[in-house]
1. If the only charges are +1 at each Lys and Arg Cβ and -1 at each Asp and Glu Cβ, what is the size of the charge dipole of the chain around the Cα centre, to the nearest 20 debye?
2. Under 8 Å for C-alpha pairs, at least 6 residues apart: give me the relative contact order for the chain, rounded to a whole percent.
3. Based on C-alpha coordinates, I'd like the Rg and Dmax of the chain, in Å.
4. Please name whichever of Ser137, Pro109, Leu359 sits farthest to the positive end of the charge dipole of the chain, dipole taken about the Cα centre and charges placed at Cβ: Lys and Arg +1, Asp and Glu -1.
5. Under 19 Å Cα to Cα from Lys112, which lysines show up? Leave out anything in the same chain fewer than 8 places away.
6. Students often forget the sequence filter, so: which lysines lie under 17 Å Cα-Cα from Lys78 once same-chain residues fewer than 8 apart are removed?
7. Quick check: at a probe of 1.4 Å, how many percent of the accessible area of the chain sits on carbon and sulfur atoms?
8. I'd like the antiparallel share, as a percent to the nearest 5, of DSSP beta bridges with both residues in the chain.
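The values are calculated or read from the model by the stated rules, or taken from the named source; none is laboratory data. Computed from a predicted structure; not experimentally measured. So basically every Cβ, Gly included, is an ideal-geometry build from the backbone, and we count neighbours across all protein chains shown. Each accessible area value is taken on the protein alone, full model and side chains, heavy atoms only, with ligands, DNA and RNA left out. Shrake-Rupley method; radii C 1.70, N 1.55, O 1.52, S 1.80 Å.
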Amino acid sequence: MSFTPFDLEYTQSKWEQIVEFNLTESGVHPISLEELLDGDESKITDLLKTEINYPHVNGIPELRENIARLYEGANGEKNVLVTVGAAEANYIILQTLLEPGDELATLTPTYKQAWGVAANRGHVVRPFHLRSEYGWSLDIDELNAQVNERTKIIAIVNPNNPTGYIMSEAEMAAVIAAAERVGAWILADEVYRGAERLQEAETPSFYGRYDKVLAVGSMSKAYGLPGLRVGWVVGPVATVEEIWRRHEYTTITATMLSNHLAAHALSPEVRPRLIQRARDYIRHGYPVLEAWMEEQEGLFSYTPPLASAVTFVRYHLETNSTELMEILCREASVFVGAGDSFGMDHHLRIAFGQEEALLNEAFGRIQRTLERLRG
Ligand SMILES: Cc1ncc(COP(=O)(O)O)c(C=O)c1O
């Protein structure tokens, strides 16, 4: 069977450690261990005494409890499985649910993990769009047309990567109605929950709104802890058990230290500080990007993101997006995501969850390259 690489992650592997300015990271600037622990002497002592054993394979109880608190009606004992990032959660969910002949319906543009994994396993993938011409709102007619009796999973990313769009209540209801009509699962990748830009309320989860929901979360985005490699799935007990059986084959478990650090970060005392930190980056960073785009005299069209530290902008140049991304890496040492990685050429995904001085320097460099390309 042919294999299609995960284009976005492949380009990140290739460029992110080489360039001076990495504006592809969809979370905010990562937090240091020192800032996370914030002088909490008893926590530091506990961590130093921790034996680096295998932790509970499904996540230490304290972490599962803290995760369950984020989902109304979820029980940390039964409904939560801790994984190595949302990446593992998504992968083993697909491995568990997809059987020969099953189809996957997916939102687009999107983080194309579910799409790529399903396609590489030989499944038909049917996209339905968020429409840029309508402020990235969901094309509900297309959703309904793409979901059929063979659809096993409807995969959505909400808040969305790359657009930062948050679905309305009506759009969430439409996704649930489409799933209910054919008995499909909803794979709700909600890793940007908490990273809202304009609203204080956190994006509601799909969990608890329909029986067949698997909600995926992560420490990587709204908490600034991508290097912990901790994610999770929350779902019905029997299905979580089945996914857990795949987890034992895949990674066995996340690490002992990352379980403890994630439990600390998600504790009711610490979590609000981390969410506020992410929102501060997002809320200060986006206006810097927008002001710069406005100065570019019609080069960009865009809908401001509602959440996340990235936005997906259309640029009005002939150059193909992968080519442009590579030119920017080579000439300006600035790395931005190519629209091609999300199935939409002539777009760039630009991250802005960084310090203002860094953003200004990076945008200045992009500008010099764009000026040369525009002649
Ligand atoms: C929508 C989405 N899901 C999952 C992931 C993977 O996250 P993790 O670092 O938790 O594996 C990413 C990373 O960019 C993402 O954007």
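1. Values: 33 positive and 53 negative charges, 107 e Å.
The dipole magnitude comes to about 520 debye.
2. On the way: 727 pairs, mean separation 87.4, N = 375.
Worked out over the chain, it gives 23 percent.
3. Rg, Dmax (Cα atoms, Å): 20.3, 61.
4. Result: Pro109.
5. Lys14, Lys152, Lys221
6. Lys212
7. Numbers: 7950 of 15640 Å².
Whole-percent figure for carbon plus sulfur exposure: 51.
8. Here the antiparallel bridges make up roughly 50 percent for the chain.
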